Structures are given as C-alpha cells and as structure tokens.
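Note sheet for the following structure.
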Amino acid sequence: MDYVTMNILESAMTSLCRQMGVVLMKTSYSTIFNEALDFTCGLADMNGDMIAVADYCPAQIGGMPLLVKSCLKEIALEDLEEGDIIVHNDPYRGGLHTPEHTFFKPIFVEGEIMGFAVAIGHLAEVGGMVPGGFSGEATEIFQEGLRIPPVKIRKAGKDNIEVWKLLLANVRTPRANYGDLSALIAAVNLGERQMVEIYRKYGKEKMRETVNDLLEYSERRMRAELEGIPDGVYSFTDYIESDGVESDAEYAIKVEVHKNGGEVIVDYAGSSPQAPGPINGTLGVATSAAYNAILHMTDPSIPRNSGCFRPIRVMAPPGTIVNVDFPGPSVGGNTDTHPRVVGVIFGAMADAVPNHVMASEGATHCNFVFGGVDADSGEYFACYDLEMVGYGGRSFADGNDAIDSINGNCRITPTEVYETRFPWRVERLSLNVDGGGPGQYRGGLGYTKQMLCLNEEITCSQMTDRHILPAWGLKGGKDGALGATLVKKKASEQWQTVREAYGKPSTSRYSNLSIRKGDRVRLVTPSGGGYGDPTKRDRAAVAEDMREGFVSEQAAREHYGYQGG
C-alpha cells in the first residue's frame, strides 16, 4: 500500500467533489441549492462503491452507494456511452425521497469505464399534490411528485429531449427546474472531466490499485474504531408524533445495536408498521441513518467512502416505518425520520460511548414549502424553506443553537434573499429564550420566524415534528422546548394552530393551506434536550446565559437554583 500516493489521491478527489458542489451552488436557480446547499457531490468506482465525497449532507453521503448500485442493476455498463448522464429519484430503487434527484456520469478513460461522477440534490419543486413537494397528508407515493426510474437525461453528450420534456411538463416551475437540473449536470460534467485527467496522470492500473487500497484503509480504520467500543447489545426506542393522517397516533422507532469486535449490526426489528402518512423511511434512509450515527461516534478523519461502511450492517424489516413498502408515502422519511433514527442510536449507545453522543436534538428541518403566482411577474414560484433547530447537550458542552438537523449540513436562506425572491416580509427571526433543555450542559435553542404574506395568495404545506413529543434529555437532563406552527389571519388578533384555523388532523404535518395577503405565519423550531443534572451547571455559565438572553432569570432560578451573584 503506497500511503503517500493514496493520501494525495484521496485529497485530490475530495477537493474535486467540493469543486463540483461550488459549481452546483453558483449555477443553480433555487435557494435550496444556492443558499441552503442541500446537495452532495461524490465519486464512485465502476462497481458503484463511493470512493470520495465532499462534506455536504450526511443523509446523501450515506445514501449514495445504494443509490448508484441500484441504478447499475437496471442499466448495464455495456449500455453506457461516453457523454451519457443518468437521472433517478425513485425511493423504491434505493432512493431517499422523491425530491432527491441523483445524477451520475460514467468516467471513460481510453474507451473503458473507470467510475462515475455523482451529484445528489433536493429539487424545490417535483410536482405532486402540493407546491414544494412536501405533502404532510400524502397517503401514497403518487401524491409526492414525479417518480423517475434510472433514465438517460443526456445521451452521448446530447440532451435527451424527450426526457427533458417529461420532467419539465410535470412541475409548476419549469424554468427554475431546468436551471437546477442543468446545475446538477454541470457538477457531474466537472467531476468526469477532472477525473479523466487524474486517470491519465497516474494511469489506470495505478488508480485501480490505489482506490482499492483507499477503501481497505477506511475499512481497517473503522474496524479499529469499533473495536474500542465495548461489545454488547444496546437498545433504545423513541416515538414520532402523528403522520399527518392519523392525528393521535404515535410510531415507534426501535433499535438494537449489536456490537461485536470490529463489526456492528443496527437492527430495527420491533419498529412500528409503516404509517398511512408520509413519515416512512426507505431502505436508503434506514441505511444512511445508521451510517450517519456511527460516523458521528467515530474518528472524523477516517476517509468517507464505502470502505468505512463495510463493518456496518443494517437490518430493516420491510413494511415498517424504516423500510416502507410500495406504494406507501415517504417524503418525510429523509428529513424527519432519519434524524430521529440517529437520535435513537445515540440513545442506545449513551452508556457505551458517553463522550460521543448527545441528548436528543430538534430532529426536523421544519420543511415549510409554499408556492403561488407572483402578483408582480405573473410567474409561478415554489420554495422549499428549511429551518434550523437546537442540538442536544453533550457530556462536555452545551448543544449548538439554531443549526441544521443532524442529517443535513445546510444553511438558512438569508432574510434579504428570502424577501427578494418570495412575497413574504420576515417580521421576526429570534432565538427562543428558555428553549434549551435544562442540564449541566443545556440543550441548544431553536428559534422563531414570523412572516407576513404580501401576495394575494400563497399555498403552504409543512412536514415538521416535535409539536407534541419534545427532544429528550440524557443523564438527568430535561426536555427541550416544543416547536409550533401558528397562523394569524388578517382579520384576527388570535394566533391559532393549523388544526384550530383549518381543521387539519395534525399541527405539524399538513397540506395546501391558503394563506392570504395580510395573514401571518409563525414557525417555532424545537430546541434540544439537556445533558446531566441541571443543578450541577456551572454558576458562571448560568450567569452568561442570562446576560446573552438565552435563559430568563425566572428559568435560571427554577431549573438551576440560581440565586444571583
């Protein structure tokens, strides 16, 4: 094993993946790409194994190997030509949910396929029963947007016009979708072009040898990390509130982590049967969430590729909330169920690796989607607006405030951009005082975003969580504050939940609210749970929280026994 060449190539390929992401960001049309960065770029070998990836979204990083391998089961290598690009978003073919579109382009060197350049991105509009793709009341996959099996969007370097027509005819914002799809194509074009140069520089045989060495190196390091965790069977259960269809139902996510030497099995047996509504995860979600949790508990310097996933096995019974059967809905599985699964694995491993887990986080991206016809331009708009939450406290530090849920690595859209691109006025954006769960290390704070509708009508839907069941604490830490979605109509002075105002089954998952000009919407994001006994919190830390406005004097006295001074 040539460690010098291996490290040079690993760094070069990872850097290339980051460059692909920059191209995607700078050439895309929608804020979910150019502001929020909800995408991931990577490279795969000819077998579909991920060999390098940029540090974008963990859900997509863990999902990439299954996505590419599933596509290669339908499209044989001999059927690929130089210049072909494949697009795919089917949740039942290794996908994560319908908004997540995977593009991959074969890398030909001297007429031979050596691997693939890959880009995965969340499109803001995918058709279906609501603008923005997140129907909180969907009961089947067909309501969640256009499903695309692996097809060639480009053939031999030329656009496949029939596929383009089909994709753009089934969405509300064809111009924006054309721009975003083209940005994904630009990303894989760059990846393919640069990888050809790398192969020419080092030679095909040297590259094959070095890539195999890199995968084995990552596997060996991951096994060494796992061997440092005590052997045993660790279990935990958490519950998801409401699926948007059955308002009072709760759905169990049960995990047993079987740790033996340098291997681990994540077993979801005992989890609830799949829900009628769209909170179900796909097999890709169940797999990616397990990878995500283990990566958070192990050495972050291990190269991220399929090699480090080899010691991790996943058992996800079909027909359950973590492995939905066709034609069950699944759009919320990748955004809400995935982070809940990671939290359940953290809960299971809290005694085994106490310094590598946290109390429960907000565990949702809040997923507020909307669309309508702009009164000024007459053009249809659609937006996927994700918001931040509070993280859980840890054994050594407070939870982070206002950060993307653990399966994303995204940013909030700046208010100035939000108000310029869409007919809302943001009246308030502030951290939630006293939101973080009390603890020796408190939970991170969520925040409140209040908006005034400036358009004649905006159609809104949402897929969020923790309006009823809060983020739990660990080791004596207390729960974090709940989230909420509230509406105040123009003629009213009263804030109401969507259940009160519109008769929806759920306050956190709903579809197609008609928000009129002058109405207000308030999004309250959930905060993280605390870690450890609150009475053991350092007095100076409590005083600092009060000075910063994170904790009120009343809460400081009630939860921390603070007496001043």
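Take the conditions surrounded by 17 or more Cβ atoms within 10 Å (Cβ to Cβ) and within 20 Å of the chain's Cα centre (by Cα) and apply them to residue 222. Does it pass? Spell out the reasoning first.
On the way: surrounded by 17 or more Cβ atoms within 10 Å (Cβ to Cβ): yes; within 20 Å of the chain's Cα centre (by Cα): no.
In short, no.
Within region 57-70, the residues that satisfy the criterion of being in a helix (DSSP H, G or I) and under 24 Å from residue 365 (Cα atoms) are 58, 59, 60, 61, 62, 63, 64, 65, 66, 67.
I'd like the residue in region 287-315 that is polar (S, T, N, Q) and either open to solvent by less than 10 Å² (accessible area, probe 1.4 Å) or in contact with an Asp or Glu (Cβ under 6 Å, 6 or more places away or on another chain) (or both) and, out of all such residues, is farthest from residue 46 (Cα to Cα). The residue in question is 298. Is it fair to say residue 371 is buried (at least 19 other Cβ atoms within 10 Å of the Cβ), within 25 Å of the chain's Cα centre (by Cα) and farther than 30 Å from residue 126 by Cα? Answer is no for this residue. Residue 337 meets each of the listed conditions (1) in a loop (DSSP other than H, G, I, E, B); (2) within 22 Å of residue 122 (Cα to Cα) apart from (1). So residue 391 ticks every box in (1) assigned to a loop (DSSP other than H, G, I, E, B); (2) hydroxyl-bearing (Ser, Thr, Tyr); (3) open to solvent by less than 10 Å² (accessible area, probe 1.4 Å) but one. Which box is left unticked? Every condition holds for residue 391 apart from (3).
From the list 9, 96, which residue is closer than 30 Å to residue 279 by Cα, open to solvent by less than 10 Å² (accessible area, probe 1.4 Å) and out of contact with any Pro (no Cβ under 7 Å at 6 or more places or on another chain)? First the steps, then the outcome.
Numbers: 9 fails: closer than 30 Å to residue 279 by Cα.
Of 9, 96, the one residue that is closer than 30 Å to residue 279 by Cα, open to solvent by less than 10 Å² (accessible area, probe 1.4 Å) and out of contact with any Pro (no Cβ under 7 Å at 6 or more places or on another chain) is 96.
Among the residues of region 414-430, those that are in contact with a strand residue (DSSP E or B) (Cβ under 6 Å, 6 or more places away or on another chain) and polar (S, T, N, Q) comprise 415, 430. Within region 122-135, residues that are in contact (Cβ under 8 Å) with a residue 60 or more places away in the chain and of a type in the set (A, V, I, L, M) sit with their Cβ atoms under 7 Å from residues that are assigned to a loop (DSSP other than H, G, I, E, B) and open to solvent by 10 Å² or more (accessible area, probe 1.4 Å), at 6+ positions apart or across chains, in these pairs: 124/30.
Can we say residue 68 is within 18 Å of residue 287 (Cα to Cα) and modelled with pLDDT under 95?
Values: within 18 Å of residue 287 (Cα to Cα): yes; modelled with pLDDT under 95: yes.
In short, yes.
None of 529, 476, 483 is of a type in the set (Gly, Ala, Ser) and at positive phi except 476. Taking first residues from region 318-332 that are open to solvent by less than 10 Å² (accessible area, probe 1.4 Å) and partners that are among the basic types (Lys, Arg), the Cβ contacts under 9 Å between residues at least 6 apart in sequence or on separate chains come to 332/509.
One line per residue, one yes/no per condition, for (1) in a helix (DSSP H, G or I); (2) among the small types (Gly, Ala, Ser); (3) free of Cβ contacts under 8 Å to residues at least 24 places away in the same chain; (4) crowded, with 20+ Cβ neighbours inside 10 Å:
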{"site": "138", "(1), (2), (3), (4)": "no, yes, no, yes"}
{"site": "153", "(1), (2), (3), (4)": "no, no, no, yes"}
{"site": "183", "(1), (2), (3), (4)": "yes, yes, no, yes"}
{"site": "191", "(1), (2), (3), (4)": "yes, yes, no, yes"}
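The numbered conditions (1) in contact with a helix residue (DSSP H, G or I) (Cβ under 6 Å, 6 or more places away or on another chain); (2) outside any helix (DSSP H, G or I); (3) over 30 Å from residue 376 (Cβ atoms) are all true for residue 510 except (3). Residues in region 237-270 that are of a type in the set (S, T, N, Q), touching a strand residue (DSSP E or B) at 6+ places or on another chain (Cβ under 8 Å) and either more than 18 Å from residue 465 (Cα to Cα) or not in a loop (DSSP other than H, G, I, E, B) (or both): 237 alone. Residue 514 satisfies every condition listed in (1) surrounded by 20 or more Cβ atoms within 10 Å (Cβ to Cβ); (2) touching a residue at least 24 places away in the same chain (Cβ under 8 Å) except (1).
Residues checked against (1) in contact with a Gly (Cβ under 6 Å, 6 or more places away or on another chain); (2) among the small types (Gly, Ala, Ser); (3) over 26 Å from residue 547 (Cβ atoms):
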residue: 430; (1), (2), (3): no, yes, no
residue: 437; (1), (2), (3): yes, yes, no
residue: 449; (1), (2), (3): no, no, no
residue: 453; (1), (2), (3): no, no, yes
residue: 458; (1), (2), (3): yes, no, yes
residue: 485; (1), (2), (3): no, no, yes
residue: 503; (1), (2), (3): no, yes, yes
residue: 516; (1), (2), (3): no, no, yes
residue: 523; (1), (2), (3): no, no, yes
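Counting the residues of region 227-242 that are in contact with a Lys or Arg (Cβ under 7 Å, 6 or more places away or on another chain) and open to solvent by less than 10 Å² (accessible area, probe 1.4 Å) gives 2.
May I ask you to say which residue of 485, 535, 507 is of a type outside the set (A, V, I, L, M) and open to solvent by 30 Å² or more (accessible area, probe 1.4 Å)? Going through 485, 535, 507 in turn, the sole match is 535.
Residue-by-condition table, conditions (1) at pLDDT 95 or above; (2) under 30 Å from residue 96 (Cα atoms); (3) not in a loop (DSSP other than H, G, I, E, B):
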{"position": "427", "(1), (2), (3)": "yes, no, yes"}
{"position": "436", "(1), (2), (3)": "yes, no, no"}
{"position": "443", "(1), (2), (3)": "yes, yes, no"}
{"position": "451", "(1), (2), (3)": "yes, no, yes"}
{"position": "472", "(1), (2), (3)": "yes, yes, no"}
{"position": "480", "(1), (2), (3)": "yes, yes, no"}
{"position": "491", "(1), (2), (3)": "no, no, no"}
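I want to confirm something. Restricting to region 17-56 and keeping residues that are modelled with pLDDT of 95 or more, within 21 Å of residue 296 (Cβ to Cβ) and part of a loop (DSSP other than H, G, I, E, B), which single residue is nearest to the chain's Cα centre (by Cα)? Result: 38.
Restricting 121, 136, 115, 128 to residues that are farther than 23 Å from residue 175 by Cα, in contact with a helix residue (DSSP H, G or I) (Cβ under 8 Å, 6 or more places away or on another chain) and modelled with pLDDT of 95 or more narrows the list to 115. Taking the condition touching a helix residue (DSSP H, G or I) at 6+ places or on another chain (Cβ under 8 Å), closer than 30 Å to residue 353 by Cα, among the β-branched types (Val, Ile, Thr) and crowded, with 19+ Cβ neighbours inside 10 Å, does residue 253 pass? Answer is yes for this residue.
The values are calculated or read from the model by the stated rules, or taken from the named source; none is laboratory data. Quick caveat: nothing in here was measured; it's all calculated off a predicted structure. FYI the Cβ positions are ideal-geometry reconstructions off the backbone, even for glycines, and counts take in every protein chain you see. Please note that ligands, DNA and RNA were not included when accessible areas were found on the heavy atoms of the full protein model with its side chains. Shrake-Rupley method; radii C 1.70, N 1.55, O 1.52, S 1.80 Å.
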